[in-house]
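Report on the following structure.
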Amino acid sequence: MHLQSHHRKALRRISLTPLADLVFILLVFFILETSFTEYREVAFRVPDEPSKASHGEGESLTIQVFPGGKLWVEGESLALADLSSWLLRRQFSEDTVVLLKAADSVPLQILVEAMDRLRAQSLPRVQIQALGD
Amino acid sequence: MFNLGGEHDKKKQSDDNMLPVINMTFLLLLFFIVVGNFSETYMKEIAPPDSSSEILIQPAEALSLSADGQLWWRDETTTPVNWATQLQAEGLPVPSRISLRADGQTPAALIIPLLDELRLLKVTRVALVTVTSPEQY
């Protein structure tokens, strides 16, 4: 009984301060290094040839994309924000292959936004090409 | 002797008071270890585009493309041909579908030539890594 009490006293003498310091340092490290971003994906097909869409015989729609989200589609000039309503009026089939022909300086963000709007209108078959092709 | 005992009691009491703080810190530490994701340093400089895609993915090995057109694979810069060679050296086939973590500001002039090079390596589909968009379409 006496021995047990002595042993407990010896254990209690170990300072917890270095442990607390270390745990705080680890905590700060994990707070700074970890990320809670949720990643998603947007898939598209790589065309078979740079200057030719691999859409076979089916219906296709070509959308020219310019900087600032300006679009040229079937002879009409559109803003990217108006693409959804334009597609809704036209009623394309789900098999339609959409060719996004992007000008050189168009950032990927604009192309992804266009693909988002196409997918929302059930047009998931998208290919990206250069405007010059 | 009396004084020493008093100091010892005081220290013991102060350590006892720290126990809830240490417990709490351990819990927070565990939370960050379990829930958080780590990413390579170079990946922090690549900001994927926003999208409203509902396909949630786990951050896995992906080719990364920075806004200046630099292609990255496993913390090293590479080219599509070198990437394919590296995979083949490891006995892995070049996948027909790849994940591409590209910066949202990368211009089309840098993305389209990359797609052409990937096509020559028999890559047929590209899954762009995106993050959740704040706006809904």
* **Residues satisfying the stated conditions in segment A:65-115, i.e. over 30 Å from B:Ser66 (Cβ atoms), open to solvent by 30 Å² or more (accessible area, probe 1.4 Å) and assigned to a loop (DSSP other than H, G, I, E, B)** => A:Glu74, A:Gly75, A:Gln91, A:Phe92, A:Ser93, A:Glu94, A:Asp95
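Matching residues to (1) loosely packed, with under 11 Cβ neighbours inside 10 Å; (2) more than 11 Å from chain A (Cβ to nearest Cβ); (3) at pLDDT below 80:
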{"position": "B:Asp15", "(1), (2), (3)": "no, no, yes"}
{"position": "B:Thr25", "(1), (2), (3)": "no, no, no"}
{"position": "B:Asp50", "(1), (2), (3)": "no, no, no"}
{"position": "B:Ser53", "(1), (2), (3)": "no, no, yes"}
{"position": "B:Ala60", "(1), (2), (3)": "yes, no, yes"}
{"position": "B:Leu63", "(1), (2), (3)": "no, yes, no"}
{"position": "B:Thr79", "(1), (2), (3)": "no, yes, no"}
{"position": "B:Asn82", "(1), (2), (3)": "no, yes, no"}
{"position": "B:Thr85", "(1), (2), (3)": "no, yes, no"}
* Structure fact -> The strands (runs of 3 or more DSSP E) lying wholly within segment B:21-130 that contain at least 3 residues that are at negative phi and touching a residue at least 12 places away in the same chain (Cβ under 8 Å) are B:63-65, B:71-73, B:97-102
* Asked: Do we have B:Asp75 as under 18 Å from A:Arg40 (Cβ atoms) and either in contact with a helix residue (DSSP H, G or I) (Cβ under 9 Å, 6 or more places away or on another chain) or open to solvent by 10 Å² or more (accessible area, probe 1.4 Å) (or both) here?
  -> no
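The values are calculated or read from the model by the stated rules, or taken from the named source; none is laboratory data. The structure displayed is predicted, hence computed values, not measured ones. No Cβ is skipped: glycine too gets one built from the backbone with ideal geometry, and neighbour counts run over all protein chains shown. SASA here: full protein model, heavy atoms, side chains in, ligands and nucleic acids out. Shrake-Rupley method; radii C 1.70, N 1.55, O 1.52, S 1.80 Å.
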